[in-house]
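> Take a look at this one; I'll ask things after.
The values are calculated or read from the model by the stated rules, or taken from the named source; none is laboratory data. Given the structure is predicted, the values throughout are model-derived calculations rather than measurements. Positions of Cβ are backbone-derived with ideal geometry, glycine not excepted, and every protein chain shown enters the neighbour counts.
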Amino acid sequence: MFGLEELSAGTSSAAPARSGPLVGPSFRDSPAARRMLSVREIHAEPAAAASPRGQEILARFPGARVIDVDSHWRVPDLHGNEGNLERWVRVKSEVLVLGEKKALTTRPNGRSADWIAPGAANGCAMACAYCYVPRRKGYANPITVFTNIEQIIAHLGRHVARQGHKPEPNQCDETAWVYDIGENNDCSVDALVCENTADLVRAFSRWPTAKASFATKFVNPDLLLLDPRGRTRVRFSVMPPQDSRLLDIRTSPVEQRIAAAADFLEAGYEVHFNLSPVVVRPGWEEDWGQLLRHMDDVLPTAVKEQAAAEVIMLTHNKDLHELNLAWHPRAEEVLWRPDLQQAKRSENGSLNVRYRNLDKAAAVDSVRRLVASNAPWLRIRYAF
């Protein structure tokens, strides 16, 4: 089992107390964190840069060049700049955008969560080849941090209060209203930049009728130092390691994500898993069976007793396919399968491709059988 010391390579060798201040440097000051995010350029809306959170971020990256922009959605050197394909990963690791979240809306979901919260960030420093977020941001997709976190939390507090107690259980949760706080970002990576994720975890720890939820492919030990009190659900996304090495660029190894589950549960998080995305390719069922057996072997009983999973089949996109061909064509050998895929119009109007109905149904049935055979303790909350 990975302990905090092993996950924090490059930091203090002793695990600091979870409930108190950091002892020595935090993980986000470690060499491993700097490899993930080494910001050299910050595009910032003036109001965002001048805010308390903006000032904290600028102080964290004192050597970065700061460039004023009118809007975080209109950064000429980033959005729509096809030339960025040649430095796709460098943009993600070296560029940061600061803005203010103008439209604070919480919308219903019903799958992963009851509600999708207004995000405290979008974009990511990782570079998963199947990620849908770049489709909304042109040819570059670095992290955009929203600095008006107090307004976001105040909005959520009012929304939670209006809901009252959950009247009946559903597949999202038995008793709590679940809010996805990381729809277009990875909150674990965002915590390398600033305290937005920590502020959200602390806020939900005070709301007894609600839970925060976010999926992640990055193990950030600093999150173990918070006190979520069971009110934040971390969903570690997993897939067969050979798929991850090809598709999950710059993420924590799958084995490390699984091994971290016990530490996060002990720290007060609810821990679920996303079996995501399931990519159909030769030998996929055997490899998923091996992954599930590994989970069954290494996860302690306490994790298994409270765990649940989401099964998410791959959805792809023609524009993303063309983009990937320019920087990671090997990924498209398994992601782009016209022989198995059909067009699908997404909720936001994008034209995506997914596995044909019969092929998808057969694959979902296969995943359910694999879970039942190899990890029968893993309750599947939903599959699509």
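> Can you tell me which of (1) surrounded by fewer than 24 Cβ atoms within 10 Å (Cβ to Cβ); (2) farther than 28 Å from residue 55 by Cα; (3) in contact (Cβ under 8 Å) with a residue 40 or more places away in the chain is the one residue 195 doesn't meet?
(2)
> Can you find a residue that is surrounded by fewer than 16 Cβ atoms within 10 Å (Cβ to Cβ), farther than 22 Å from residue 312 by Cα and not hydroxyl-bearing (Ser, Thr, Tyr) anywhere in the range 99-110? Reasoning before the result, please.
As a first pass, look at the range 99-110 and keep what is surrounded by fewer than 16 Cβ atoms within 10 Å (Cβ to Cβ): 102-103, 105, 107-108, 110.
When the remaining residues are screened for being farther than 22 Å from residue 312 by Cα, the result is 102-103, 105.
Applying the additional criterion that residues be not hydroxyl-bearing (Ser, Thr, Tyr) yields 102-103.
Yes: the range 99-110 contains one or more residues that are surrounded by fewer than 16 Cβ atoms within 10 Å (Cβ to Cβ), farther than 22 Å from residue 312 by Cα and not hydroxyl-bearing (Ser, Thr, Tyr).
> Now for a different question. Quick one: which of 340, 320, 335 is of a type outside the set (Asp, Glu) and over 23 Å from the mean Cα position of the chain (by Cα)?
Values: 320 fails: over 23 Å from the mean Cα position of the chain (by Cα); 335 fails: over 23 Å from the mean Cα position of the chain (by Cα).
Just a single option satisfies the conditions, and that option is 340.
> Out of the residues in the range 293-316 that are assigned to a helix (DSSP H, G or I) and β-branched (Val, Ile, Thr), which is farthest from the chain's Cα centre (by Cα)?
Ranking the qualifying residues of the range 293-316, first place goes to 301.
> All but one of (1) crowded, with 21+ Cβ neighbours inside 10 Å; (2) within 16 Å of the chain's Cα centre (by Cα) hold for residue 132; which doesn't?
Against the list (1) crowded, with 21+ Cβ neighbours inside 10 Å; (2) within 16 Å of the chain's Cα centre (by Cα), residue 132 comes up short only on (1).
> Those residues that are β-branched (Val, Ile, Thr), outside any strand (DSSP E or B) and over 26 Å from residue 251 (Cα atoms), I need them from the range 36-74; list them, please.
Step one: of the range 36-74, the residues β-branched (Val, Ile, Thr) are 39, 42, 57, 66-67, 69.
Within this subset, residues satisfying the condition of being outside any strand (DSSP E or B) are 39, 57, 69.
69 - this is the single residue of the range 36-74 that is β-branched (Val, Ile, Thr), outside any strand (DSSP E or B) and over 26 Å from residue 251 (Cα atoms).
> Can you tell me which residues in the range 75-86 are in a helix (DSSP H, G or I) and loosely packed, with under 15 Cβ neighbours inside 10 Å?
Our first condition is that a residue be in a helix (DSSP H, G or I); within the range 75-86, this holds for 82-86.
Matches in the range 75-86: 82, 83, 86.
> Oh, and also: Kindly indicate the residue of the range 224-258 that is of a type in the set (A, V, I, L, M) and either within 23 Å of residue 183 (Cβ to Cβ) or out of contact with any Leu (no Cβ under 8 Å at 6 or more places or on another chain) (or both) and also modelled with the lowest pLDDT among those meeting that condition. First the steps, then the outcome.
The initial filter retains those residues of the range 224-258 that are of a type in the set (A, V, I, L, M), namely 224-226, 234, 238-239, 246-247, 249, 254, 258.
Then drop every residue that is not either within 23 Å of residue 183 (Cβ to Cβ) or out of contact with any Leu (no Cβ under 8 Å at 6 or more places or on another chain) (or both), which leaves 226, 234, 238-239, 246-247, 249, 254.
Numbers: 226: 97, 234: 98, 238: 98, 239: 98, 246: 98, 247: 98, 249: 94, 254: 98.
Restricting to residues being of a type in the set (A, V, I, L, M) and either within 23 Å of residue 183 (Cβ to Cβ) or out of contact with any Leu (no Cβ under 8 Å at 6 or more places or on another chain) (or both), the top hit is 249.
> If I ask for residues that are without any contact (Cβ under 8 Å) to a residue 40 or more places away in the chain, assigned to a helix (DSSP H, G or I) and of a type outside the set (Lys, Arg), which ones from the range 234-265 would you list?
The answer is 244, 254, 255.
> Another question, then. Restricting to the range 123-149, name every residue that is under 27 Å from residue 209 (Cβ atoms) and of a type outside the set (A, V, I, L, M).
First pass over the range 123-149, keeping only residues under 27 Å from residue 209 (Cβ atoms): 146, 148-149.
Within the range 123-149, 146, 148 qualify.
> Report, by residue number, each residue of the range 356-370 that is over 23 Å from the mean Cα position of the chain (by Cα) and in contact (Cβ under 8 Å) with a residue 12 or more places away in the chain. Let's see the steps before the verdict.
Going through the range 356-370, the residues over 23 Å from the mean Cα position of the chain (by Cα) turn out to be 356-363, 365-366, 368-370.
Passing the criteria: 356, 357, 359, 360, 363, 366, 368, 370.
> Follow-up. From the list 305, 270, pick out the single residue that is of a type in the set (Asp, Glu), more than 30 Å from residue 82 (Cα to Cα), in contact (Cβ under 8 Å) with a residue 12 or more places away in the chain and surrounded by fewer than 16 Cβ atoms within 10 Å (Cβ to Cβ).
On the way: 270 fails: surrounded by fewer than 16 Cβ atoms within 10 Å (Cβ to Cβ).
The unique qualifying residue is 305.
> Separate question: Which one of these is farther than 30 Å from residue 322 by Cβ and under 12 Å from the mean Cα position of the chain (by Cα): 203, 191? Let's see the steps before the verdict.
Working: 203 fails: under 12 Å from the mean Cα position of the chain (by Cα).
Result: 191 is the single residue among 203, 191 that is farther than 30 Å from residue 322 by Cβ and under 12 Å from the mean Cα position of the chain (by Cα).
> From the list 63, 110, 83, 123, which residue is at positive phi and out of contact with any helix residue (DSSP H, G or I) (no Cβ under 9 Å at 6 or more places or on another chain)? Don't jump to the end; show me each part of the working.
On the way: 63 fails: at positive phi; 83 fails: at positive phi; 123 fails: out of contact with any helix residue (DSSP H, G or I) (no Cβ under 9 Å at 6 or more places or on another chain).
After ruling out the rest, the residue left standing is 110.
> Out of 339, 359, I need the residue that is of a type outside the set (A, V, I, L, M), under 24 Å from residue 132 (Cβ atoms) and in a helix (DSSP H, G or I). Which one? Lay out the reasoning, then the answer.
Details: 339 fails: in a helix (DSSP H, G or I).
The match here is 359.
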